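Take a look at the structure below.
What follows draws every value from the coordinates through simple rules; no lab data is involved. Quick caveat, the model's predicted, so the values are computed rather than measured. Positions of Cβ are generated from backbone atoms using ideal geometry, with glycine treated the same way; all protein chains shown enter the neighbour counts.
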Amino acid sequence: MHRHASILCRVLRVLLACYWSRSPRWRGSGGMEAAEVVGQRLEARRDRPELRNAETMYRSNPKLAAIASCLAFAALAHGHGGWANGYPGGAGGFPTSYPGGRPGTGDSGTGGSSGFPGAGFGGFAGFDIGLAMHYRTIHGILAALAMVVLFPLGSILMRILPGRLGLWIHGIFQLLAFAVFIAGVGLGIYLVRTVQIPFGGGNLLTNSATNYHPIIGIVTLALLLPQPILGYIHHRRFKKLQKRQAWSYAHIFNGRFTVTLGIINGGLGLYLAGASTYYKRVYAIVAAIMWSLWMLIALWSEIRRMRRNRKIERDAQVQIAKGVARDGRKSEE
């Protein structure tokens with residue numbers, strides 16, 4: 001046990017040093033010293049009861065638990081065996097989500113050199129890190145595609161294309177975006193249910209350091225669900241009455257608010273995932289361009305609509321005045 005605790009503390013020190021040295025936010029702010037302190041404390045307290053104090057330290061810094069601990073355990077599982085002595089599950093250590101080994105990987109599910117059943121590099125503590133990271137990437141791509149590209153583009157095309165063509169294009173794009181976003185949400189729910197933060201940190205939804213992203217995602221989905229119905233009623237009533245009603249304003253402003261919220265949540269998701277500065281900048285630039293273009297075209301469309309309505313009212317008043325004058329001349333005759 002002493003040897004494994006020593007190995008763990010070394011892995012943690014290296015990983016934490018790498019993490020903080022790469023993050024501009026932590027450079028020069030004591031991050032390296034904090035990594036050294038964690039390693040020293042773990043080395044000084046190797047027996048199992050004292051290691052619970054290390055767990056307390058990690059609970060006080062949930063982001064540290066979510067990032068560094070996962071990586072440390074994965075690296076330890078990959079390179080060292082026999083970790084499970086004294087833990088439930090015998091020599092296999094922590095149970096994996098694949099009791100018989102991962103299909104198609106050749107893992108036997110009986111421990112192997114890693115000390116984790118079916119783990120290889122990815123599987124430990126009940127989930128496969130590699131698979132979770134793969135799903136996380138797809139989740140981000142789908143959600144960003146829906147919120148940053150498809151939803152705004154569908155609204156833009158409706159306002160610049162004429163008549164029924166614009167209406168049909170709008171409907172097709174919004175339904176496609178809705179389906180893509182639902183797929184992204186499905187993967188997000190899978191990640192919430194699968195990924196477990198070490199040392200009793202819960203999952204991505206229950207941990208206070210990570211739950212802002214899934215909570216906002218759930219709220220965004222809830223706000224999007226009535227949009228197709230509101231849109232259908234809006235277009236039916238507008239076609240009949242040629243003016244907006246409560247359904248119209250609910251559809252328009254709920255859509256604008258929800259998509260804006262989804263775009264912001266995408267940025268929060270990149271932050272939570274620890275994405276590189278390059279990807280954060282690319283997302284921010286593309287999202288800012290699409291959102292600004294969407295809002296500018298919406299504003300231009302509203303101004304054009306108000307001018308058209310005023311012109312119709314003026315023409316109607318002129319026609320009424322001409323009719324009154326004509327009726328007056330007839331009465332004089």
**OP:** Just grab the label-to-label distance for residue 312 and residue 295, each label 7 Å out from Cα along the Cβ direction, in nm (one decimal).
**Re:** 2.8
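Between residue 303 and residue 206, what length comes free when the chain is fully extended (0.36 nm per residue of separation minus the Cα-Cα distance, one decimal in nm)?
Values: separation 97, 0.36 × 97 = 34.92 nm, distance 4.57 nm.
Computed gain between residue 303 and residue 206 is 30.3 nm.
Taking a quarter of the surface of the Cα convex hull of segment 127-319, what do you get in nm²? Walk me through the numbers before you get to the answer.
On the way: hull surface 49.4 nm².
For segment 127-319, the mean projected area of the Cα convex hull comes to 12.4 nm².
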Original post:
Relative to a virtual label point 7 Å from the Cα of residue 223 in the Cα→beta-carbon direction, which members of segment 267-289 show backbone nitrogen distances below 18 Å?
Top reply: 267-270, 287-288
**OP:** Name the residue farthest towards the positive end of the dipole of segment 216-296 from the options 227, 293, 249, assuming +1 on Cβ of Lys and Arg, -1 on Cβ of Asp and Glu, about the Cα centre.
**Re:** 249
**OP:** Multiply the residue separation of residue 194 and residue 319 by 0.36 nm, subtract the distance between their alpha-carbon atoms, and state the gained length in nm to one decimal.
**Re:** 38.1 nm
